[in-house]
C-alpha cells in the first residue's frame with residue numbers, strides 16, 4: 001500500500017513537471033541557451049575525436065545520364081555538402097557550401113541540373129533547390145519557415161517536379177507540382193494527415209499515394225491526376241505495414257508485407273490477390289527497389305543485423321545474379337544497392353565492413369563491369385585496430401534471450417569465463433523500432449579506444465527480428481518488456497566479473513528512444529547503472545506527445561499510446577515519474593531545434609533532478625536538432641559523453 005501511495009504522489013508531482021509547451025529554439029530563452037551551451041572540451045580527447053570523425057566516406061552517389069560524372073554528398077568539411085567527380089577515383093569538386101546540410105534528390109534527366117534539399121540547424125524543415133551545373137549557381141525553388149518540403153520525383157522532360165509539403169496544416173501533407181521554368185505551383189492532391197508520394201507512372205499522370213496512420217501502419221492508393229480519382233490498393237481499414245511500388249505490368253503492384261507471416265516477404269499484387277515472389281527464408285526482407293525503367297527488382301535481407309541483397313527480373317520475376325563484391329581483409333557486413341540510371345543500365349552499390357568506411361561501385365548490368373568511384377579517407381587512423389562486433393545475447397528475467405552486439409578492447413576479451421575488469425557502456429538504439437547493427441562505427445570505436453566494452457542490445461520492440469518481436473512493446477505492452485533495460489546491466493555484472501569476482505561498472509547511453517531508455521535506466525531502474533548519458537531523449541511521454549511536431553504525433557501515438565486515453569500508463573512509463581529514485585550521476589544532451597523530442601523534455605528532468613540535489617549536467621546545442629549533425633558539435637557531444645563515463649566508471 002505504501003508503494004502505491006508513493007507512486008500516485010509521484011503522478012501528482014508529474015503534472016506540475018510537464019508545464020512547458022512548444023518545440024524548437026523559440027520555445028526557450030536566449031538565457032537558457034547561454035547557460036547550457038556546451039563547455040570546452042579537454043584538448044587531448046578533442047584532438048582524438050577530431051581525427052576519428054575525419055574518417056569519412058563519400059555518399060554512394062547518383063550517376064549523370066551520360067554516366068561520366070558521379071554526384072554525391074560528403075561531410076568532409078564538417079557538414080553534408082554536394083560534390084562531384086568526372087571520372088572514377090578522380091579529384092572531387094565541391095558544388096555547395098554554407099551552413100545548411102545539403103542532400104541530393106535527383107539529377108535531371110537532361111543532365112543540366114541537380115535537385116537538392118537543404119536543412120538548417122537540424123530543424124528538419126528542408127527546402128527544395130535547383131543547382132545549375134553549367135553556372136554552379138543555386139536557385140531556391142521552395143522554402144517556407146516551419147514547413148517540411150519533400151521532393152517526390154521529376155518528369156522525364158526535366159520540366160516539372162512533384163513534392164509534398166505541410167504548408168496548409170502542420171499535421172497534414174499535400175502533393176504539389178511545380179513547373180521549373182516559372183516556378184508556378186499547382187496542387188495535385190490535398191491530404192488530411194501524413195500523405196506522401198510512393199511511386200509514379202507516365203510522368204505523373206498516375207501517382208501512388210501512401211497515408212501513414214501510425215509508425216507501422218499505412219494504406220496505399222492509386223491517384224489519377226486527370227480525373228482526380230483515388231483508388232484503394234491495399235491497407236485500408238487495417239493496422240498493418242506495407243511497402244508498395246508499381247510493378248512492370250499495368251494494374252500490378254509489388255508489395256512488401258508481413259501481414260500473415262512473422263518476417264516480411266515480397267509479393268506481386270494482381271487482380272486483388274497476393275502472390276509471393278521471394279523464397280521462404282528465416283530472415284526479414286526489410287526493403288526493395290525497382291528501377292525507373294522497370295527492368296529489375298533488388299531486395300534487401302536482414303540476417304541478424306547483417307545485410308545481403310538479391311534480385312529479380314522485373315518482367316519475369318525470376319532470380320537474377322548480383323555483382324560479386326569482396327574486400328581484402330575481414331568480411332562484408334552490409335551490401336546494398338543505391339541509385340540506378342533512368343535507362344536501367346548502371347546501378348550504384350555499396351559495401352560496409354567493420355574496419356573500413358563505406359566503399360561505392362558502379363555496376364554495368366550488361367558487361368558485369370564493376371568500377372570503384374569514390375575513395376574514403378582515414379588520416380592518421382589505423383583502421384586495422386578497429387574492433388569487430390561480436391553477436392551475443394543476455395538473458396532477461398523471464399529467460400528470454402535478448403540479442404546484443406559487443407565490441408571489446410583487445411585487453412578486455414573474455415577468457416576462461418573471466419575477464420579483466422573493464423568498464424562497460426551499454427548503448428540503446430533509437431526508434432524505438434530501430435536495430436543496432438554491425439559495421440563501421442567511429443563512435444563505438446571511440447569508446448573502445450578509451451578502454452570501454454561497448455554493448456548494443458536489441459531489446460524487445462527492435463526491428464529485424466520479425467513482427468512478433470517488434471510489436472512486443474506497443475502501447476501498454478511496453479510495461480511488460482521495459483525490464484530488458486535493467487536486465488542488461490544485471491546480466492553483465494553477473495557474467496563479466498573478473499578473476500577476483502568483481503563486477504564491472506556499467507554506464508548507459510542512447511539517442512532519441514535510446515535516450516529515453518537511458519533515462520529509464522537511471523530513474524525507474526536506479527542503481528542498475530553507475531552513470532547515464534541521455535541524448536535527445538523523452539523524459540515524460542505525455543508532454544513529449546503533446547509537444548512533438550504535429551505530423552509526428554500520429555506516428556508516435558500508435559507506438560506509445562494516446563496522451564489522453566492512455567495517460568496513466570504513459571506516466572508510469574515516464575522517467576520523470578521516478579526522479580526521486582536516482583542514485584547515480586546523469587548527463588543530458590539536447591538540440592534546441594529538435595522537432596521530434598522538444599528541448600523542454602531535457603529541461604524538465606534536469607530541473608527536477610537539480611531540485612532534489614541529484615547530480616545532473618545539461619548541454620544544449622543551439623544550432624542542432626535531433627542529434628548533432630555538424631562535425632565540431634559531434635566532437636563536443638561524444639567527447640563530453642566519454643569524459644563523463646571515464647569520470648564515473650573508471
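According to the square roots a ≥ b ≥ c of the eigenvalues of the Cα gyration tensor, what is the shape class of the stretch 561-650, taking rounded for a/c under 1.5, prolate for a/b larger than b/c otherwise, and oblate for the remainder?
Cα axes put the stretch 561-650 in the oblate bin.
The ellipsoid that matches the Cα gyration tensor of the stretch 190-291 has semi-axes, each √(5λ) in whole angstrom, of 23, 16, 11, with the longest given first.
Using a 10 Å cut-off around each Cβ, can you sort 271, 562 from fewest to most neighbouring Cβ atoms? Could you put the intermediate results ahead of the total?
On the way: 271 7, 562 15.
In order of increasing Cβ crowding within 10 Å: 271, 562.
For the stretch 99-240, report the % of Cα-Cα distances exceeding 21 Å. Every Cα pair in the stretch 99-240 considered, those over 21 Å come to 44 percent. Working ranking of peptides 44-51, 312-319 by packing, defined as the average number of other Cβ atoms within 10 Å per residue, highest first, is 44-51, 312-319.
How many angstrom separate the Cα center of the stretch 94-119 from the Cα center of the stretch 526-580? The stretch 94-119 and the stretch 526-580 have Cα centres separated by 37 Å. The equivalent ellipsoid of the stretch 125-189 has semi-axes of 21, 14, 9 Å, largest first, where each one is the square root of 5 times an eigenvalue of the Cα gyration tensor. With all pairs of different C-alpha atoms in the average, the Kirkwood value for the hydrodynamic radius of the chain is 26.1 Å. In this label model, residue 304 and residue 30 are separated by 5.6 nm, measuring between points 7 Å along each Cα→Cβ vector. Given only helices, namely DSSP H runs of n ≥ 4 each adding -39500 (n - 2.57), what is the per-residue ellipticity at 222 nm of the chain, to the nearest 500 deg cm²/dmol? About -5500 deg cm²/dmol. Tell me, rounded to the nearest percent, the portion of alpha carbon pairs in the stretch 472-515 spaced more than 14 Å apart. The calculated P(r) of the stretch 472-515 puts 62 percent of pairs beyond 14 Å. Normalised by 2.2 N^0.38 Å, with N the number of residues, the alpha-carbon radius of gyration of the stretch 358-418 equals 1.88. In this entry, the stretch 285-360 is assigned a mean projected area of 5.2 nm², taken as a quarter of its C-alpha convex hull surface. Relative to the longest principal axis of the Cα atoms of the chain, the long axis of helix 43-53 lies at roughly 30 degrees.
Of all DSSP beta bridges confined to the chain, the antiparallel ones make up roughly 85%. Cβ-to-Cβ counts within 10 Å put 221, 53 in ascending order as 53, 221, the fewest first.
Against the chain, whose longest principal axis is taken from its Cα atoms, helix 2-17 shows a tilt of about 50°.
With a Förster radius of 22 Å applied to the beta-carbon distance between residue 230 and residue 251, the computed FRET efficiency rounds to 0.90.
Find the relative contact order for the stretch 99-240 and round it to a whole percent, using C-alpha pairs within less than 8 Å whose residues are 6+ positions apart. Mind dumping the intermediate values first?
Values: 328 pairs, mean separation 16.3, N = 142.
Relative contact order comes out at 11 percent.
Centre-to-centre separation between the Cα atoms of the stretch 43-79 and those of the stretch 356-393: 13 Å.
Stick to the Cα atoms of the stretch 392-544, pair each with every other, and give me the Kirkwood hydrodynamic radius in Å at one decimal.
Details: mean 1/r = 0.0640 Å⁻¹.
So the Kirkwood estimate lands at 15.6 Å.
What the Cβ-Cβ distance of residue 325 and residue 613 gives, at R0 = 56 Å and to the nearest 0.05, is a FRET efficiency of 0.50. Across the stretch 183-249, C-alpha contacts under 8 Å between residues 6 or more apart give a mean separation that, scaled by the residue count, equals a relative contact order of 24 percent. At q = 0.15, 0.20, 0.34 Å⁻¹, work out log10 I(q)/I(0) for the stretch 64-104 with the Debye formula, treating every Cα as an identical point scatterer and leaving solvent out; two decimals please. Evaluating at q = 0.15, 0.20, 0.34 Å⁻¹ gives log10 I(q)/I(0) of -0.34, -0.58, -1.17.
Is the shape of the stretch 53-157 rounded, prolate or oblate, going by the alpha carbon gyration tensor and its root eigenvalues a ≥ b ≥ c, with a/c under 1.5 for rounded and a/b larger than b/c for prolate? Please report the intermediate quantities before stating the final value.
Details: a/c = 1.98, a/b = 1.14, b/c = 1.74.
Since a/c reaches 1.5 but b/c is at least a/b, the shape of the stretch 53-157 is classed as oblate.
For the stretch 482-615, the fraction of C-alpha pairs more than 20 angstrom apart is 45%. For residue 367 and residue 497, the FRET efficiency from 1/(1 + (r/R0)^6), where r spans their Cβ atoms and R0 equals 41 Å, is about 0.10. Any idea what diffusion coefficient the stretch 502-569 gets from Stokes-Einstein, in µm²/s, Kirkwood Rh on alpha carbon pairs, 37 °C, 0.692 mPa s? Approximately 252 µm²/s, per Stokes-Einstein.
Using only the Cα atoms of the stretch 611-650, build the gyration tensor, take square roots of its eigenvalues as a ≥ b ≥ c, and label the shape rounded, prolate or oblate: rounded if a/c is under 1.5, else prolate if a/b is larger than b/c, else oblate. List each step's numbers first, then the result.
Details: a/c = 3.81, a/b = 1.41, b/c = 2.70.
It is oblate, given that a/c is not under 1.5 and a/b is not larger than b/c.
This ranking places 93, 400 by how few other beta-carbon atoms lie within 10 Å of each, fewest first, which gives 93, 400. The length gained on full extension between residue 479 and residue 169, counted as 0.36 nm times the residue separation minus their Cα-Cα distance, comes to 108.2 nm. Hydrodynamic analysis of the stretch 455-542 uses the Kirkwood radius over alpha carbon pairs. Inserted into Stokes-Einstein at 20 °C and 1.002 mPa s, it gives a translational diffusion coefficient of 155 µm²/s. Taking the Cα atoms only, what angle lies between the long axis of helix 484-495 and the longest principal axis of the chain, rounded to 10 degrees? Helix 484-495 and the main axis of the chain meet at about 60 degrees. Here the Kirkwood formula puts the hydrodynamic radius of the stretch 120-162 at 11.8 Å, using every distinct Cα pair.
Rule-based calculations on the coordinates, nothing more; no lab input. Because the structure is a prediction, the values reported are computed rather than measured. FYI the Cβ positions are ideal-geometry reconstructions off the backbone, even for glycines, and counts take in every protein chain you see.
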